[in-house]
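The values are calculated or read from the model by the stated rules, or taken from the named source; none is laboratory data. Note that the coordinates shown come from a computational prediction; the quantities given were computed from them, not determined experimentally. Here the Cβ positions follow ideal geometry from the backbone for every residue, glycine too, while neighbour counts run over all protein chains shown. We work out accessible area using only protein heavy atoms, side chains counted, and drop any ligands, DNA or RNA first. Shrake-Rupley method; radii C 1.70, N 1.55, O 1.52, S 1.80 Å.
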Amino acid sequence: MDTETAIERFIVDEIMLGDSSTKLDPNESLISTGVLDSLALLRLIAFIEEQFGVMIEDSEVIPENFETINEIKEFIEQKKS
Amino acid sequence: MAYLLHQLLTESAERYPDKEAARFEGESLTYNQLDKLTNQVARALQERGIQKGDRVGIYVHKSFASLICVFGIMKAGGVYVPLDPNAPAKRLAYITRNCDIKILLTSTEKLKQVEAIFSEGTPLTALLLTDDKVELKASISEMIDIDSWGDILLKDEQDLSPVGTIETDLAYILYTSGSTGNPKGVMISHRTIFTFINWCYETFQMGPADRVTSHAPLHFDLSTFDIYATIKAGGTVVLIPEKLSVFPIRLVQLLQNERITVTYLVPSILSLMVNYGKLGEHDLSSLRLVLFAGEVFPIKYLRELVAAVPHPDYYNLYGPTETNVCTYYQVQPRDLEPDQTQPVPIGKACENMEVFVVGDDGQLVTTIGEEGELWARGSCVAEGYWGDAEKTGQNFVINPYQLNFSEISYRTGDIVTLHEDGINWIYIGRRDHMIKSRGYRIELGEIESALYSHEGVKEAAVVAIPDDLVGNRIKAFVVPMENNGMTIRDLETHAATKLPRYMMPESIEFSEGLPKTSTGKINRPLLVQQAE
């Protein structure tokens, strides 16, 4: 599974508790649509750290890195490289 | 002087016309601008037929529109009803039907969801838009009359003639979780909220130099302090974009950059700031007062918070939506000593309120260490639940301890005990199945009802697992009907159409049966143990 799909699946399955056929627009804000609240964000961070073997610093938990699926993907890829 | 909430704005606009009333994403609105804009909104509402006492919905994300809507509606004589911008359409449609909302103030970004509310059935006849961001889609404008923001800005901006609202009329209705499956609308009068705001203004010495965050959404009663106490004082309401409130470090930056003096937050947000906000690296010297309410603040995070930001005064405020805030307590250094493991007390009654505690035997609790249910009487008690005489009668009862005249008191359902100082009360827990998660109150029964509404559910029990950071995590145990074929995912999808996000169980587990007590009730304590 590629990075984008893994993030999307986690958000749809574990946070939105949605139908597995739900598709998210990778460029749509996860915050203003109410998908990510403060607790969901913590769960997403824990998932990313475990799934991709990266450590996320507190100072990296900012909208620029977590607002959309695309931004999360780019952030993870930059962390891994 | 009349006790009308919207007069706070009119009066401050006369005293401080050019002062900053509100800030949002780096932009400002002066008192004069806010006063005029709200006059225009009020006129637009009256031209759409709004009269004294009519309910008007607010369905916007946190922005200047939040302030413009509440004051505009009250100036028109209406009663404002905030709708959770992230709640499912089914729930919102229920609220519009329950209190008969015909006009909704909303923004263009919410139009898709407004269409979804329509498909669930609603009495709405007109929308007033609070912005002009996108071209209107034809489909929605065929369903309903729409006033654009441009239309509203053409209205007369002068003061309106009084519509005859008096202090015992309703100012707003807040919907909270209801145990039988539908949310219930708590009715708050102008006098009720005015009493609370006056008390805050004096107790916390609010002034025109204060810059106060507005973090809680409008449908959460913490929002009333932020808006009305600040506007009364001629201070500045700094509206926190929802986008930012999710990121602890950005919240702390906002406190620093906006030179916030007063902030009122739920403990779970403060705990996140302690854990992830790098408090020590920011200059929070302007902050003079931190208020928290909505749930128990775990002492270890409160201790860390005060250690990182020692100079402000810290207060614990307590009160269900039905009583606004009814008790308060200023945090003392001795509460935070390393050997302290108990949360800080909820304190003693605010001005114009009395609280008393009734033991299981019906006698008033007066001795240290004895437990009982907290009751409240006084001006801050709500008028009851909209259109629900039965539930109102269960909780808002004639005070049996008042022998001289008849008055209504509110049974909170919260169990408390008297502190060893003999003055302050300590919160122990709930009498029923209501819990708090991230400050939101949640009836576990409402979640169970949502699960039971799926035909594949034979039995369901929802339990709360205590969690320091968020208050509680919610887990559901379900016995499926035989041969139904329902999957966990089916049930989650179904529940998500009925419940707001903060009420969704974190997990649903299927089992062949639920453990029972000797009296045949579901053994919830055992389920909690299993889930931990």
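Taking θ as phi - 60° and the Karplus parameters 6.51, -1.76 and 1.60, the scalar couplings of region B:285-294 work out to 5, 6, 5, 10, 8, 10, 10, 9, 6, x Hz in sequence order, x denoting glycine and proline.
Compute, for chain B, the length of the dipole vector about the Cα centre, with Cβ point charges of +1 (Lys, Arg) and -1 (Asp, Glu) only. Units Debye, rounded to 20. Walk me through the numbers before you get to the answer.
On the way: 49 positive and 70 negative charges, 92 e Å.
Dipole of chain B, to the nearest 20 debye: 440 debye.
Neighbours of B:His61, meaning other residues whose beta-carbon lies under 10 angstrom from its beta-carbon, give a summed charge of +1 when Lys and Arg score +1 and Asp and Glu score -1. With 40 Å² as the minimum drop in accessible area between chain alone and full protein complex (1.4 Å probe), the qualifying residues in region B:225-250 are B:Lys243, B:Val246, B:Phe247, B:Ile249, B:Arg250.
Each of B:Ile474, B:Ile426, B:Ser406 was scored by the projection of its Cα onto the charge dipole of region B:393-500, and the greatest displacement toward the positive side belongs to B:Ile474; charges sit on the C-beta of Lys, Arg, Asp and Glu.
Quick one: divide the alpha-carbon radius of gyration of chain A by 2.2 N^0.38 Å and tell me what you get. Numbers along the way, then the final one.
Numbers: Rg = 11.6 Å, N = 81, 2.2 N^0.38 = 11.7 Å.
Against the empirical 2.2 N^0.38 Å value, I get 0.99 for chain A.
Taking 41 Å as R0, compute the FRET efficiency from the Cβ-Cβ separation of B:Lys300 and B:Tyr452 and round it to 0.05. Display every interim value, and only then the final one.
On the way: r = 38 Å, r/R0 = 0.92.
Result of the calculation: an efficiency of 0.60.
Summarise the partner chain shielding of B:74-87 as one whole number: the mean count of Cβ atoms from other chains within 10 Å of each residue's Cβ.
Working: counts 0, 0, 0, 0, 0, 0, 0, 0, 0, 0, 1, 3, 5, 1.
The shielding value for this peptide is 1.
Please give the charge dipole size of the protein assembly as shown, origin at the Cα centre, charges +1 on K and R Cβ atoms and -1 on D and E Cβ atoms. Round to the nearest 20 debye.
Details: 55 positive and 89 negative charges, 163 e Å.
That gives the protein assembly as shown a dipole magnitude of about 780 debye.
Put simply, the amide H of B:Asp54, placed in the peptide plane, has neighbours under 5 Å in B:Val79, leaving out anything fewer than 5 places away on its chain.
Per residue, what accessible area does the protein assembly as shown have, given a 1.4 Å probe and all protein chains present, in Å²?
With all protein chains present, the protein assembly as shown gives 41 Å² per residue.
Averaging 1/r over each pair of different alpha-carbon atoms in the protein assembly as shown and inverting the result gives 25.4 Å, the Kirkwood hydrodynamic radius.
Simple point charges give the picture: +1 on the Cβ of Lys and Arg, -1 on the Cβ of Asp and Glu, and for region B:7-189 a dipole about the Cα centre of about 640 debye. Interface residues of region B:468-492, defined as those with an accessible-area decrease of at least 20 Å² between the chain by itself and the complete set of protein chains (probe 1.4 Å), are B:Val470, B:Arg473, B:Arg489, B:Glu492.
What relative contact order, as a whole-number percentage, does region A:3-80 give when Cα pairs under 8 Å and 6 or more residues apart are counted?
Details: 56 pairs, mean separation 28.3, N = 78.
Result for region A:3-80 is 36 percent.
In region B:254-285, the residues whose accessible area drops by at least 50 square angstrom when the other protein chains are added to the isolated chain are B:Tyr276; the probe is 1.4 Å and only protein heavy atoms count. The HN-Hα couplings worked out from phi for region B:406-416 by the Karplus form 6.51 cos²θ - 1.76 cosθ + 1.60 (θ = phi - 60°) are 8, 8, 8, 10, 10, 8, 6, x, 8, 8, 9 Hz, whole numbers, x standing for Gly and Pro. Projecting the Cα atoms of B:Met187, B:Val309, B:Gln529 onto the charge dipole of the protein assembly as shown (Cβ charges, centred on the Cα centre) puts B:Met187 farthest toward the positive pole. Computed with a 1.4 Å probe over protein heavy atoms only, the accessible area of B:Ile166 comes to about 100 Å². In this structure, the amide hydrogen of B:Tyr175, modeled 1.01 Å from its nitrogen in the peptide plane, lies closer than 5 angstrom to those of B:Val186, counting only residues at least 5 positions away or on a different chain. Find the centroid of the Cα atoms in region B:386-442 and in region B:446-466, then give the distance between the two in whole Å. If you average the Cα positions of each part, the centres end up 26 Å apart. For the chain pair B and A, the interface hides roughly 2400 square angstrom of accessible area in total, found with a 1.4 Å probe.
In region B:7-189, a dipole from Cβ-located charges (positive for Lys and Arg, negative for Asp and Glu) runs towards its positive end, and of B:Ser148, B:Ala116, B:His61 it is B:Ala116 whose Cα lies farthest in that direction. Stretching B:Asp313 away from B:Ser161 to a fully extended chain increases their span by 50.5 nm, per 0.36 nm per residue minus the current alpha-carbon distance. Placing a pseudo-label 7 Å from each Cα along the Cα-to-Cβ vector at B:Ser119 and A:Ala46 gives an inter-label distance of 3.4 nm. Within region A:14-81, which GluC sites (Glu not before Pro) sit in a loop by DSSP and count at most 12 neighbouring Cβ atoms inside 10 Å? Listed in order of number, the matching sites are A:Glu57. Surface composition of region A:3-80: carbon and sulfur make up 43 percent of the accessible area, probe 1.4 Å. For region B:65-72, the Karplus equation 6.51 cos²θ - 1.76 cosθ + 1.60, evaluated at θ = phi - 60°, returns couplings of 4, 4, 6, 4, 5, 4, 6, x Hz by residue, with Gly and Pro reported as x. Share of carbon and sulfur in the accessible area of chain B stands at 47%, probe radius 1.4 Å.
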